[in-house]
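The values are calculated or read from the model by the stated rules, or taken from the named source; none is laboratory data. Keep in mind that this is a model prediction, so the values were computed, not measured. A quick note on method: Cβ atoms are made from the backbone with ideal geometry, for glycine too, and the neighbour counts reach across all protein chains shown. Heads up: the accessible areas ignore ligands, DNA and RNA and are worked out on the full protein's heavy atoms, side chains in. Shrake-Rupley method; radii C 1.70, N 1.55, O 1.52, S 1.80 Å.
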Amino acid sequence: MKKLFIILLCTISSPIFSQDDLMKILDTESKNQVDYATATFKGTRLINGQTIETVNKNHLNFWISHRFGAINSGFIENFFGLDEARIRLGLEYGITDQLTIGAGRSSQEKMYDFYAKYKLLRQSNLIPVTLTLYGSNAISTVATGSALESGTVMKYYDNLERMTYTGQAIIARKFNDKLSLQLMPTFLHFNKAETTDTPNNILALGAGGRLKLSKRLSLSAEYYANFNRPSSSNYHNSLALGFDIETGGHVFQFHLTNSRGMIERQFIAQTTKQWSDGGIFYGFNISRSFSFDKRAKGMNK
Amino acid sequence: MKNFIKLIIITCLTSSTTFGQLFSTQSGETSFFSETPVENISGVNKTVGAILNTSTKEIAVSMKMTAFDFPNKLMQEHFNENYIESDKFPTGLFKGKIVEDIDLTKNGTYDVTAKGQLTLHGITQAREIKGKLTVDNQKITLTSNFDVKLVDHKIDVPKLVFSKIAEVIAVKSKYIFSPYVKK
């Protein structure tokens, strides 16, 4: 019996390599390779805010974003909001696969925004989440004495007063090929606060995610909660719901949101409307990607 | 008797770690090219794992689909997300056997045909893939060109796509094998 066992052992361990064994060897060899999660989100923007995604090296994204008027702004007066729109045009470029720089211009408050995004950690079989750091500076170029959405008249005495800074740590996990969720702890600094009651520094936490319905269609949601808004404030937390349609080189994002502005200062800190009374804006973002990779030269006919 | 058994065990154990007839690579190159009226699509994977047994003439190839690098990263994302579905089907595999009656331990260049199974997008197809094999002492180079029909592997091209995707993709491979060392 013992002998039989030994012979059996020898046969098993002796070097007979069937094709499955070859595959097994390959499997163990490839286990050393790191497996990164890709395409956690379709775009660099979830709805209003950023995602962990950065632009790939030597690629340029062009963003066109629109928010129509509020649904409750009346039929005769405003055709349920379709009579007017706020627009933001933006460009962003991938210096490396990790580092993106971007700039945009919003019609709301005639704001310019400049930002950098850096993907610090990538979700893989070793690390459970992707971490991207985001920093932006927004400058209002509206005439001094103009009113904000809230009605407050802002007097600016120098250009520094027109600036707002945003810092975000964006943490996301792709749970499976359908579901990705992210958290966005956010710090905002206003060089000039709106009123004496309004803090210059605002702390907020965002949460969002996407659920893929099909290969090209996904649902998305985004919520930002403020932690130190004074009780006298007329501002509300921002909630946006939308769906993304992806075609060849474009991502179309259609959404409903109670925020009108498309930069952090405006949607995180200065959302004036509420979902509960129909203060909902509908809008869309369109993203178009261009490759400036040398190898892509001549690829587009 | 006891010593004899020990001897057998030792022989068994040591013999299992010699791989004289095995040649492998972890940096094989597989690329593909697809020409369409609108744009050309190309991708290259430089981390293909392949292993060749020179005595049985069996070969196995395994590649991570996410490791294909495209000049246009959006195409790369579409390749993984929409066509190959890399989350569901992460690897492309080939296992087969060289059918020609040749001695792979002797130096020379041989036209070879590998008969086996190609697995892509979770669909396995019986294939005969032709290639060229060059044996140069401890270095074996294998090149091959073959076509993959998208419909064979149930790779859907949705109607919503603006640019047309070719229905047959030309695939090129070059693997340089060296003697396999167990890590």
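Some points to look at:
- The dipole here belongs to the protein assembly as shown: it is taken about the Cα centre, uses +1 on the Cβ of Lys and Arg and -1 on the Cβ of Asp and Glu, and is about 1240 debye.
- Model label points for A:SER232 and B:THR109, set 7 angstrom from Cα along the Cα-to-Cβ axis, are 8.7 nm apart.
- Expected 222 nm ellipticity per residue - DSSP helices of 4 or more, -39500 (n - 2.57), all of the protein assembly as shown, to 500: -3000 deg cm²/dmol
- For the protein assembly as shown, alpha-carbon Rg over 2.2 N^0.38 Å: 1.27
- Residues B:ILE102, A:ILE76, B:ILE59, sorted by accessible area with the largest first, give A:ILE76, B:ILE102, B:ILE59 [1.4 Å probe; ligands and nucleic acids excluded].
- Take A:LEU183: with every protein chain present and a 1.4 Å probe, its accessible area is about 90 Å².
- Centroid-to-centroid separation of the stretch A:208-231 and the stretch B:19-77 [C-alpha atoms, Å]: 38 Å
- Extreme residue, positive dipole direction of the protein assembly as shown, given options A:LEU179, B:ASN107, B:TYR175 (C-beta unit charges): B:ASN107
- Under a 5 Å amide H cut-off, with hydrogens placed 1.01 Å from N, A:GLY74 pairs with A:PHE80 among residues at least 5 apart or on other chains.
- Placing unit charges on the Cβ atoms of the charged side chains and taking the dipole of chain A about its Cα centre, the candidate lying farthest along the positive direction among A:ILE268, A:ALA169, A:HIS59 is A:HIS59.
- Between chain A and chain B, the total buried accessible area stands at approximately 4600 Å², from heavy atoms with a 1.4 Å probe.
- Per residue, the stretch A:91-250 exposes an accessible area of 46 Å² to a 1.4 Å probe, with every protein chain left in place.
- Student exercise, the stretch B:21-179 dipole from Lys, Arg, Asp, Glu Cβ charges, in Debye to nearest 20: 220 debye
- Approximating the spin labels as points 7 Å out from Cα along Cα→Cβ, the B:LYS97-to-A:TYR118 distance works out to 5.7 nm.
- Within the assembled protein chains, the solvent-accessible surface assigned to A:TYR118 is about 100 Å², based on a 1.4 Å probe.
- With 10 Å bins from 0: P(r) over the stretch B:38-150, alpha-carbon pairs, percent: 13, 40, 30, 15, 2
- In the context of the full protein assembly, A:ASP27 retains an accessible surface of approximately 80 Å², using a probe radius of 1.4 Å and ignoring ligands and nucleic acids.
- Using the Cβ-Cβ distance between B:LYS182 and A:PHE252 with R0 set to 56 Å, the FRET efficiency works out to roughly 0.60.
- Within the accessible area of the protein assembly as shown (1.4 Å probe), percent carbon and sulfur: 61 percent
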